[in-house]
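Quick one: the structure is below, and I'll ask about it shortly.
Read the figures in this text as sums done on the coordinates, not as results from a lab. Keep in mind the model is a prediction, meaning the values are calculated, not measured. Ideal geometry is used to build each Cβ from the backbone, glycine not excepted, and the neighbour counts take in all protein chains shown.
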Amino acid sequence: MARSLVTLMAICALGLIWTTAAFASQGSCNTQLTHIANSRAVSAETLDQSLFNVAVLHYVNIERCNRGLAPLRSDNNLIRATSQHSRHMASNAYVSHKSQQSGYRNLQDRLSKARVNYRVAGENVIKSFVFAFNRQAVGGDRANCRFSYASNGNPVPRHTYDSLAKDLVALWMASTTHRKNILHRDYRRAGATFGVNADPNYCGTVYAAQNFAN
């Protein structure tokens, strides 16, 4: 098997009120995640949503810190707002801000169900993989989940929670609309979750969502 892998992304943001307050950098931006995030591999069988949220927020806040913006804090209601959607995307193998699930059809529905109070809010969604293909051509034995990079033959590792979060945030930052959510000056809170579709072609496809609010 040899193919090129491209991560798919989509974005939606609700901008109701905009302010122009600036924030000073919150000290050093070169913080480190805990050892467990660096060492624990992502597995379709056991999803650690808390660790994923911490890891994604870590890299989002590095981007904000580098630009003198206030860090976002984790919010349980926003985590809840993403949970239904990320699991539904994974179960049905799609990436979108719209859903056919009654009561959770759009971001406003999901925020309302999770009882999120907000003036401005936004959502980033993304599709990636359990293995760190890094958008490179790969070959190998997919039946046994053994992949190798076509360029050098090196084995493709599974993502750790650290490497997955770092890669997702980098992809979001490379997209203008995703980047606007991450660097929105009004946002103060965020929450992220993910689901995994077994997907035999890639031995696990990741579907993630991160919500933001003031």
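Give me the percent relative contact order of the chain, please, defined on Cα pairs under 8 angstrom at least 6 residues apart. Intermediate results must be reported in sequence, preceding the final value.
Details: 441 pairs, mean separation 76.3, N = 214.
Dividing the mean separation by the residue count of the chain yields 36 percent.
Can you tell me, using C-alpha contacts under 8 Å and at least 6 residues apart, the relative contact order of the stretch 92-133 as a whole percent? Mind showing how you got there, number by number?
Working: 21 pairs, mean separation 14.6, N = 42.
Reported as a whole number, the value is 35 percent.
A further question on this structure: Which of the DSSP-defined H helices in the chain satisfy a minimum axial length of 20 Å, computed from C-alpha atoms, and a minimum mean Kyte-Doolittle hydropathy of -1.0? Show your work: numbers first, answer last.
Details: long enough: 49-65 (23 Å, 0.47); 76-92 (24 Å, -1.10).
Going by DSSP H runs, the hits are 49-65.
Using a Gaussian network model on the chain with a 10 Å cutoff between Cα atoms, which of ARG80, ARG142, ARG185 fluctuates the most?
Checking each option, the largest mean-square fluctuation is seen for ARG142.
Let me ask something additional. Skipping prolines and chain starts, which residues have an amide H placed within reach, meaning under 5 Å, of the one on THR193, given they are 5 or more residues away or on another chain?
HN-HN under 5 Å from THR193: ALA209.
Hey, in the GNM for the chain with a 10 angstrom Cα cutoff, which one of LEU47, LEU111, LEU164 fluctuates hardest?
Result for the chain, Cα springs under 10 Å: LEU47 fluctuates most.
Continuing with this model, one more query. Could the peptides 30-39, 62-71 be put in order, highest first, of the mean number of other beta-carbon atoms found within 10 Å of their residues? Please report the intermediate quantities before stating the final value.
Details: 30-39: 12.6, 62-71: 16.7.
For the peptides 30-39, 62-71, the packing ranking is 62-71, 30-39.
If you don't mind, there's one more thing I want to ask. Could you work out how far apart the two model spin labels at ALA137 and LEU183 are, taking each label as a point 7 Å from the Cα in the direction of the beta carbon, and quote it in nm?
3.4
With viscosity set to 0.692 mPa s at 37 °C, what whole-number translational diffusion coefficient in µm²/s follows for the chain from Stokes-Einstein and a Kirkwood radius over Cα pairs? If you can, show how the numbers build up before the last one.
Working: Rh = 17.6 Å.
My calculation gives 186 µm²/s for D.
Which three numbers, in whole Å and largest first, are the semi-axes of the equivalent ellipsoid of the stretch 133-180 derived from its Cα gyration tensor as √(5λ)? Intermediate results must be reported in sequence, preceding the final value.
Details: eigenvalues 137, 29, 14 Å².
That gives 26, 12, 8 Å for the three semi-axes.
Multiplying the sequence separation of ARG119 and SER175 by 0.36 nm and subtracting their Cα-Cα distance, what value in nm do you get?
Numbers: separation 56, 0.36 × 56 = 20.16 nm, distance 2.40 nm.
Result: 17.8 nm gained on full extension.
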